[in-house]
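Heads up: the structure comes next, in structure tokens.
Only the coordinates and a few stated rules stand behind these numbers; no lab work does. The shown structure was predicted, so the numbers you read here are calculated from the model rather than taken from an experiment. Positions of Cβ are backbone-derived with ideal geometry, glycine not excepted, and every protein chain shown enters the neighbour counts.
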Amino acid sequence: MFAVQPPAPANSEGGAAGDAPLVRTYRAWKGNNEFCLWGRLIFGPDGKSILLTIFLVVAPVAVFSVFVARKLLDDFPHHWGYSILIVVILHTVFVLITLVLTSGRDPGIVPRNSNPPILVEYEGNANINNEQTPQPHLPRAKEIIVNGVSVKIKYCDTCMLYRPPRCSHCSVCDNCVERFDHHCPWVGQCIGLRNYRFYYMFVFSATLLCLYVHGFCWVYIKRIMDSEEISIWKAMIKTPASIALIIYSFISVWFVGGLTVFHTYLISKNQSTYENFRYRYDQQANPYDKGVAANFREIFCSSIPPSKNNFRSKILIPKEPSESSRRRTVESLSPMMRKTAGDLELGTTPGYNEFEEEEEESDYADEFTNDEEHGKVSGIGDDMSVDLTRMLHTEGGQREVASLLRHSLWERSSKENGT
């Protein structure tokens, strides 16, 4: 869940922290998701595709109910013909419920960190030859032991965390999802730890619905043949709706039926679609495989873990400085410091942005050379003068220059607030 920082107490100098607005988590969400019912339902960026899926389910069932099931109401003794219509309606409702449960719930999103993890072994004040040692980069991957098997977990730059085992970052939703299976465009949502069960129930029940409609269309054609004593071709001509439904259900069953068979196999092996396509377990044992029966119990009989995100909770959004005050501060700097301050705001290394324009470089090149000859940065006192030639060519020196610039900006801001 998002960490909410408590507001700082009000004081005569800094004002009240209540100036920072409190908003619902779903309004400040950094992923690509869309929310409905004030954060109670979460969809992917392609969540509107669920409307197409609903139409593809409801439309053929409506045609079947009107042109096929209604004609079979009185063709069976003891009013058993009514059961055909009742079953198809109830089955369709079940399919739609599983579709909404798959598409509208948190699939298992791992909350992002506001800051990257800090290496415990790093000491920022260590100096070698009077130069600060550069902070080592976070390793891109780590290995952990799961059920006696070494499993590699990777660092996510977007979410600033090491992903849990079986977790992957969805490029469509822009979230890390636990037990990530795939992103399904038909339901407009990632399929993960918290909705995989409902996804399987959706494709399985949709397969049964296709077979049900397909089968009773043939039953209706057979009834026409027997009642009028005509050939199958003439009987099919008398019910074009049945022909259309037979073709539609035949094509659909290959799609949803294929998914059902494939995911039944994956469940028996306790694999996800992502893991199967990446061939992760060809060279080693699957550490999550508990046997066929236990694997099915894990999917359908275990409790679904609660969401790690409370999308309706209120979080504190820090108030950003106004554009006018920021412009006044930047305009008071020399060209060199204006460029460096912009780099600091963008999170880039001062003086070493490889994507900057050549025109911007020429704006401050002359003054940078002049300051370099004097051995100090304009706007910083003599007691804080630095040797730019030496320091800007080391990563530690770059951070020290950035620290000096921040200190100078803070002093200027303090003086302006004092006046």
### Message
Using the Karplus curve 6.51 cos²θ - 1.76 cosθ + 1.60 with θ = phi - 60°, what ³J(HN,Hα) values do you get for each residue of segment 301-311, in whole Hz, with x for Gly and Pro?
### Response
10, 7, 6, 7, x, x, 5, 8, 10, 9, 5
#### Entry: Cα-based shape type of segment 221-304, given that a ≥ b ≥ c are square roots of the gyration tensor eigenvalues and the cut on a/c is 1.5
prolate
### Task
Output ³J(HN,Hα) for segment 264-276: one whole-Hz value per residue in order, computed from phi by the Karplus curve 6.51 cos²θ - 1.76 cosθ + 1.60 with θ = phi - 60°, and x for Gly and Pro.
4, 5, 4, 5, 5, 9, 6, 10, 9, 4, 4, 5, 5
### Message
With the cut-off at 18 Å, tell me which of the pairs Lys71/Lys238; Lys269/Lys290; Lys71/Lys222; Lys154/Lys269; Lys30/Lys314 have Cα atoms farther apart than that.
### Response
Lys154/Lys269
### Summary
Sorted by chain and number, the residues with a modelled amide H under 5 Å from that of Leu161, at a separation of 5 or more or across chains, are Cys156
### Task
Scan around Glu34 for amide H atoms under 5 Å from its own, H built in the peptide plane at 1.01 Å from N, and keep only partners 5 or more places away or cross-chain.
Phe43, Gly44
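Suppose R0 equals 56 Å. What FRET efficiency, 1/(1 + (r/R0)^6) with r the Cβ-Cβ distance, do Lys238 and Arg27 give to the nearest 0.05?
On the way: r = 57 Å, r/R0 = 1.02.
Efficiency, rounded to the nearest 0.05: 0.45.
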### Query
DSSP loop chymotrypsin sites (Phe, Trp or Tyr not before Pro) in segment 198-304 with at most 14 other Cβ atoms within 10 Å of their Cβ, which ones?
Tyr279
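Can you check what the Kirkwood hydrodynamic radius comes to for segment 38-83, Cα pairs only, in Å to one decimal? Display every interim value, and only then the final one.
Details: mean 1/r = 0.0750 Å⁻¹.
When all Cα pairs of segment 38-83 are included, the Kirkwood radius is 13.3 Å.
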### 14 Å tail of the calculated P(r), segment 65-108, as % of Cα pairs
58 percent
### Query
Quick one: what Rg and Dmax do you get for segment 143-228 from the alpha carbons, in Å?
21.9, 72
### Whole-Hz ³J(HN,Hα) from phi, Karplus 6.51 cos²θ - 1.76 cosθ + 1.60, for segment 171-177, glycine and proline x
6, 7, 7, 6, 9, 7, 10
#### Entry: Largest to smallest principal axis extent of the C-alpha atoms in segment 41-120, angstrom
78, 23, 15
### Query
Out of residues 5 or more away from His183 or on other chains, whose amide H comes under 5 Å of its own, with H placed 1.01 Å from N in the peptide plane?
Ile191
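Give the peptides 85-94, 104-113 in descending order of average Cβ contacts within 10 Å, highest first. The partial results should precede the final answer.
Working: 85-94: 14.9, 104-113: 21.3.
Per-residue mean Cβ counts within 10 Å order the peptides as 104-113, 85-94.
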